[in-house]
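The values are calculated or read from the model by the stated rules, or taken from the named source; none is laboratory data. Being a predicted model, the structure only gives us computed values, none of them experimental. Methodologically, a virtual Cβ is constructed for each residue, glycine included, from the backbone with ideal geometry; neighbour enumeration extends over all protein chains shown. Note: accessible area is taken over every heavy atom of the protein model, side chains too, but ligands, DNA and RNA are not part of it. Shrake-Rupley method; radii C 1.70, N 1.55, O 1.52, S 1.80 Å.
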Amino acid sequence: MAFLMLKTLPMSLPSIQNVAKPGEKPAKRKAVTDVVALVAGHDGVPAVRVRKAKDGTLEITAAAVLDLPGELPDSPEAAEADLTRWSLPRAFQAARAAIAVASPQGSLRFTEEVPDADAVIRCASVKTEGDLPSLVASLPEYQAAWTARLFPEGRRPTACSIQLASSAALNVLLAAGGKQNVVAFLASPSSTALVGLQGGKPVFYREYGEGQKDIRAALMSNMRIDEEMAESILNDAMVDPTPVIEPILRPLFRQAEIAGDYLMRRGNAGVDRFVVVGLKSGLRYWSSIFELMTGQVLTEITPDAGLRWGCRKPDTEKAGLSVFTAAFGAARAVLEEA
């Protein structure tokens, strides 16, 4: 198999890229300053194009949820039979592409385990702190191969990076977290990850099955409403859904307290900030429940934090910026290498 190498990058978790055979060094490539980043595995494909100016400023030049064919395969047979190719609108035709893969079979965790040479996965690792095992990202080989084939040869763009959606989203946090001690919730449609940063470096990462989908499902069941109405309730103050939401969030918030204690024991310093990244709706309720339970303030880091908009923002009524979290993170991982 081919191992995908991770390199240490400033302010970001490196991308899974530069395919190399075992024992070989990844080929060096020219620094990328213009990239389109997309998220495979979603309903619709979130896409952003980001350019890096000479002064280091990152500018968003296009952002939309694209209607592209194909679904992330769930077996080697499905991947082999799928001949999907993507053709992007002109505004997204950068020379290079970074693809974040939202896969239930993907994994991001601190571990000392190393896949054997016959394992049918691609993996990459990065060392964050000397006393911790490596943070390892892995993806089934057939999904990585399917992703690498999405763009036809000889047409813009050319894929230069394959990343897990979870590690790409983590880049958004790392870019905005500075050198602080941070406990963060990384919210995705199907799960929530809890992350601990110490001095700006990841020292804790764990994923939980509970999250936004469970909140919507509980509201739909308890109030006998559809998904659109559930989202509406989470985004306004006409009806207070706290009694329904609190039992779902309480275990997650308890884990955040434990993560804060872990940071204290590691570095003899408290948590500077509690934040949430990638939340589509319900921020006011997450924040109020968190403060009532812990006495701490929970704030939001938006996916476009630190980026300059050089184009019109997408319609947030139909596609909130949260859907672009992994795309922005995937772009940063590539551009911050330049």
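Within the stretch 278-337, being of a type in the set (S, T, N, Q) and without any contact (Cβ under 8 Å) to a residue 40 or more places away in the chain holds for S287, Q296, T299, T302, T316.
The residues on offer are G306, G329, and the sole one that is in contact with a strand residue (DSSP E or B) (Cβ under 8 Å, 6 or more places away or on another chain), small (G, A, S) and open to solvent by 10 Å² or more (accessible area, probe 1.4 Å) is G306. Only residues that are assigned to a loop (DSSP other than H, G, I, E, B), aliphatic (A, V, I, L, M) and either free of Cβ contacts under 8 Å to residues at least 40 places away in the same chain or in contact with a His (Cβ under 6 Å, 6 or more places away or on another chain) (or both) were counted in the stretch 192-250, giving 3.
How many residues, within the stretch 116-149, are farther than 18 Å from A333 by Cβ and either part of a loop (DSSP other than H, G, I, E, B) or in contact with a Leu (Cβ under 8 Å, 6 or more places away or on another chain) (or both)? Matching residues across the stretch 116-149 total 14. Residues that are out of contact with any Ser or Thr (no Cβ under 9 Å at 6 or more places or on another chain) and at pLDDT below 95 were ranked within the stretch 34-53; the one that is least open to solvent (accessible area, probe 1.4 Å) is G44.
Before we move on, is A175 surrounded by fewer than 22 Cβ atoms within 10 Å (Cβ to Cβ) and not in a strand (DSSP E or B)?
Values: surrounded by fewer than 22 Cβ atoms within 10 Å (Cβ to Cβ): no; not in a strand (DSSP E or B): yes.
Taking the combined requirement at face value, the residue does not satisfy it.
Looking at R109, R90, R155, just one residue is open to solvent by 30 Å² or more (accessible area, probe 1.4 Å) and free of Cβ contacts under 8 Å to residues at least 24 places away in the same chain, and that residue is R90.
Selection of the stretch 289-321 for residues being within 23 Å of Q180 (Cα to Cα) and among the polar types (S, T, N, Q) yields T294, Q296, T299, T302. The residues in the stretch 218-270 that are open to solvent by less than 40 Å² (accessible area, probe 1.4 Å), under 23 Å from the mean Cα position of the chain (by Cα) and under 18 Å from L298 (Cα atoms) can be counted, and the count is 9. Considering the stretch 56-115, the qualifying strands (runs of 3 or more DSSP E), each wholly inside and each with 1 or more residues that are closer than 18 Å to G44 by Cβ, run over 58-66, 96-101.
Name every residue in the stretch 280-338 that is part of a loop (DSSP other than H, G, I, E, B) and closer than 24 Å to R254 by Cβ, in order of residue number. Break it down into steps so the answer makes sense when it comes.
We begin by selecting, within the stretch 280-338, every residue part of a loop (DSSP other than H, G, I, E, B); these are 280-282, 295-297, 302-307, 310-320, 336-338.
Correct list: K280, S281, G282, G295, Q296, V297.
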